[in-house]
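**Student:** I'd like to ask you about the structure that follows.
The values are calculated or read from the model by the stated rules, or taken from the named source; none is laboratory data. None of the values given here were measured: they were computed from a predicted structure. A quick note on method: Cβ atoms are made from the backbone with ideal geometry, for glycine too, and the neighbour counts reach across all protein chains shown.
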Amino acid sequence: MSRSCETGSRGACRGFTLVEVLVVLASLGVILWMVGQLLFPMRQAAERQRLQVEARQAARASLDYLAMELRGTNDMNHATPQLVQGPATFLTYVWKGNNSGTGNTPTCDGTGTMNLGCVQTSFNNVPGNGSNPTLATPGSDVISVAMAQSTTPTGPAKGLSWAGSVNTSTPSSWAFNLGCPDSAANLALFKTMTGWNGTISAPLMLVTSVGDWAFYQITDYQDGLNGTNCSATPPAWCFDATTAASIPCLGVIAQPGANGINAPGQTQALTRPLSLFVSVRFAAFRVCDGWLEQKDGLFDPTADANCPALAAGADFPPYVTKPNWTPLLPNVEDLQFSYLFFDGSIWNGRPGGTIPIGAGVPIAVGGATPPAYDWTEVIAIRVSVTGRSSQAMILGGGKIPAPPPVVEDHDPGVAQTDTYYRSQLSAVALLRNRLAGY
């Protein structure tokens, strides 16, 4: 189209007619509509793919990490009888109290009839078994495990003297010379390896030659008296009564079961020789508001009741810092554990399941002949993870509203439907220091 002006013409230059303008606008509208028909579906498809990949990546990364950690759990208690190796590989209960006797600590059978002083450290379907709903994302599981986070070149520290009772303030002496000949460096290294926080050490494992064990926490490192721990004239309690030899060692004040932490069903009479495993640490895993979290230390149902409920159908929020917890991976909606026992049975808390208890986790009775569903009888753990997209697909974007999927014994129900994408994966982690049939 064009317009022209005649030289000397009286009238104005000719413009576009209304019909011409309308034809052009209509043509542009048709072109834009055709482009939109191609562009918008492509954009929706790209968004669907992004959200699907996000859910799959969250599930895969979380499962790989948890399976690796569970396969690596090991309390290093190799002296324990074959069928109850590694009693603290993972923990369902601890016993808190100050029992000064020399018999076994009370057991934790999950029924409430023998559980005075028992504290649960692993949970099935929070708030299952009457637990606090803020322990984790509702419906998910919590697990506590032992991990060998570091090893010493010479193995565990060896006990040289011990009073015999689990609860005592009698000084204990331990062979430790990795920092020698510098006495200050040796003491500092011992504090680091035992998890000293300025008040108390991390929970450690005290193991006898026959496999009896107890939690052990150092309350006083005796800095002044250990000032010459690498010298030829160590403190009086650093004297080996068996060999009559003075050796580099450290004297400390500790109570196995300090702060009331004891191993259910374990003996309270520990005799020499003893091993103090300074390389074992305890950790807990949970899901909270879309984040897979890890805690260094035992799960505490009082202190760790700090996971606020997230509204159904809400996007996962940014991570909120919590004391003692570390964020691992985002976009994790559900976490479930099932326990595989020596006798071949599997427990995941389903109604009518194998274990006749209300807690949904293995009992902690222990002893020389533990029952079939004791925590020492678990040989493998099946972990299942549900990853979820961080955002919901907009309505009309090609995603049919659906409820969250059933995972193990957790059924979220059909009342909640949304357009989030989800991916569910499972893996079995064999506890490598519990070998079935060997």
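Matching residues to (1) surrounded by fewer than 21 Cβ atoms within 10 Å (Cβ to Cβ); (2) modelled with pLDDT under 85:
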site: Asn177; (1), (2): yes, yes
site: Ala184; (1), (2): yes, no
site: Ala188; (1), (2): yes, no
site: Leu225; (1), (2): yes, yes
site: Thr228; (1), (2): yes, yes
site: Pro234; (1), (2): no, yes
site: Ala244; (1), (2): yes, yes
site: Gly257; (1), (2): no, yes
site: Asn262; (1), (2): no, yes
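**Student:** Looking at (1) at pLDDT below 75; (2) assigned by TED's automatic domain parsing to the domain that holds Gln294; (3) surrounded by 11 or more Cβ atoms within 10 Å (Cβ to Cβ), which is the one condition that is false for Ala61?
**Tutor:** (1)
**Student:** OK, next. Quick test of your reading of the structure: Asp374 fulfils all but one of (1) within 15 Å of Phe90 (Cα to Cα); (2) modelled with pLDDT of 90 or more. Name the failing condition by number.
**Tutor:** Among (1) within 15 Å of Phe90 (Cα to Cα); (2) modelled with pLDDT of 90 or more, Asp374 violates only (2).
**Student:** Now, a different point. Being over 17 Å from Leu51 (Cβ atoms) and either surrounded by 15 or more Cβ atoms within 10 Å (Cβ to Cβ) or modelled with pLDDT of 90 or more (or both) narrows it down to one of Ser426, Ser390, so name that one.
**Tutor:** On the way: Ser390 fails: over 17 Å from Leu51 (Cβ atoms).
Testing whether each residue is over 17 Å from Leu51 (Cβ atoms) and either surrounded by 15 or more Cβ atoms within 10 Å (Cβ to Cβ) or modelled with pLDDT of 90 or more (or both) leaves just Ser426.
**Student:** Which ranges mark the strands (runs of 3 or more DSSP E) fully within region 269-349 that have 3 or more residues being within 27 Å of Asp411 (Cα to Cα) and in contact (Cβ under 8 Å) with a residue 60 or more places away in the chain? If you could, list the steps in order and put the result at the bottom.
**Tutor:** On the way: elements: 274-277, 280-288, 291-296, 325-330, 332-341.
It comes to 280-288, 325-330, 332-341.
**Student:** So Ile381 ticks every box in (1) over 26 Å from Glu47 (Cα atoms); (2) modelled with pLDDT under 90 but one. Which box is left unticked?
**Tutor:** (2)
**Student:** Further, regarding this structure: Please specify each residue of region 395-419 satisfying the condition of being touching a residue at least 40 places away in the same chain (Cβ under 8 Å) and closer than 21 Å to Gln57 by Cβ. Before you say what the answer is, go through the steps one by one.
**Tutor:** Within region 395-419, the subset touching a residue at least 40 places away in the same chain (Cβ under 8 Å) is 397-399, 404, 407-410, 412, 416, 418.
Gly397, Gly398, Lys399, Pro404, Val407, Asp418 - these are the residues of region 395-419 that are touching a residue at least 40 places away in the same chain (Cβ under 8 Å) and closer than 21 Å to Gln57 by Cβ.
Every residue, every condition in (1) of a type in the set (A, V, I, L, M); (2) surrounded by 20 or more Cβ atoms within 10 Å (Cβ to Cβ); (3) under 19 Å from Ala67 (Cα atoms), yes or no:
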| residue | (1), (2), (3) |
| --- | --- |
| Val280 | yes, yes, yes |
| Arg286 | no, yes, yes |
| Lys295 | no, yes, yes |
| Cys307 | no, yes, no |
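**Student:** Report whether or not Ala136 is over 23 Å from Gly366 (Cα atoms), at pLDDT below 70 and in a loop (DSSP other than H, G, I, E, B).
**Tutor:** no
**Student:** Another one. Of everything in region 268-325, what is closer than 25 Å to Met76 by Cβ and aromatic (Phe, Trp, Tyr)? Give them in sequence order.
**Tutor:** Phe277, Phe282, Phe285, Phe299
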